[in-house]
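Here's the structure we're looking at; comments come further down.
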Amino acid sequence: MAEVRILVVQPSESTPVGKLGDWLGESGAELDVVDPAGEGVPERPDEYSGVVVLDGEMGATADTQHPWLGTLRKLLSTSTSSGTPVLAVGLGAQLLAMATGGRLRTRADGPEAGTLLVAKRDAAAEDVLIGPLPLTPDVFQFHREEISTLPPTAQLLAASPRGENQAFRVGTRAYGLQFHIETTPEIVRGMVSADQEIAATIRPGQLDEEHLEQFHADLEESWKPVAERFFEMAATPPEERTTTRSLPLA
């Protein structure tokens, strides 16, 4: 198998690649983790087999304070149009939506936060990444903004009672996840420390150590295979890639 280099854009120290990085590395990926503020990001994914964009505490439209956001949206746009596999989480998913024609808004009923569930939509059944997931997989939510309108060509893959646009695909291989799958108990504690306002909306008991340990064991059972399938997609020659489960990845 040829070398599989995946660009990982990490906008914040409080939201590292975590378990997602472990799962991709165990699959055989070489991860190039960059800080967009310090190192910058390319406008095109030409040197990479895939792109992962992580969460951050900054708003997706805060270009004045964070000028690199525009370049990151450009990277997501060119990656989507070129068919490069993309996995965008949290802020990354919001930037992917913006870069391809979607819209954001501040949540009217306050932040969505805590150890929660999302539900697959019927359209996800044949999707190569999301299709094999359980019907209602565990996720960690931690956001005050949401995607109000998906891009015109996007396919909605998962929703929740408090947020419709939870997981989606744009084009053939660009995936956005509004929620978190990369966390560990330690990462959750760091996120909570970084934003007490959002953390205050989490239901009592959900930050207890025992609960977080069990939750993350369940999360790994569901989402590690998704990371493995993303690696397989990135490792597959572009002409052989597919988004449906009706054909093999390699």
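Here are some notes:
- Some residue of the range 65-79 being hydrophobic (A, V, I, L, M, F, W, C) and under 19 Å from R105 (Cβ atoms): yes
- Residue that is nearest to L177 (Cα to Cα) [pool: residues in the range 2-52 that are out of contact with any strand residue (DSSP E or B) (no Cβ under 8 Å at 6 or more places or on another chain) and of a type in the set (K, R)]: K19
- Members of the range 171-198 found to be in contact with a strand residue (DSSP E or B) (Cβ under 7 Å, 6 or more places away or on another chain) and not charged (D, E, K, R), listed by number: A174, Y175, G176, L177, Q178, F179, H180, I181, T183, V188, M191, I198
- Strands (runs of 3 or more DSSP E) contained in the range 48-120 and holding at least 1 residues touching a Phe, Trp or Tyr at 6+ places or on another chain (Cβ under 8 Å) and surrounded by fewer than 21 Cβ atoms within 10 Å (Cβ to Cβ): 112-117
- Scanning the range 1-32 for residues that are crowded, with 20+ Cβ neighbours inside 10 Å and part of a strand (DSSP E or B) gives I6, L7, V8, V9.
- Taken over the range 121-168, the criterion of being part of a strand (DSSP E or B) and either small (G, A, S) or touching a His at 6+ places or on another chain (Cβ under 8 Å) (or both) is satisfied by V139, F140, Q141, F142, S148, A158, A159, S160, G163, A167.
- Criterion violated by T172 - all others in (1) in a loop (DSSP other than H, G, I, E, B); (2) surrounded by fewer than 20 Cβ atoms within 10 Å (Cβ to Cβ); (3) modelled with pLDDT of 95 or more satisfied: (3)
The values are calculated or read from the model by the stated rules, or taken from the named source; none is laboratory data. What you see is a predicted model, and the numbers here were worked out from it, not measured in a lab. Neighbour counts are summed over all protein chains in view; Cβ atoms, including those assigned to glycine, are modelled from backbone coordinates with ideal geometry.
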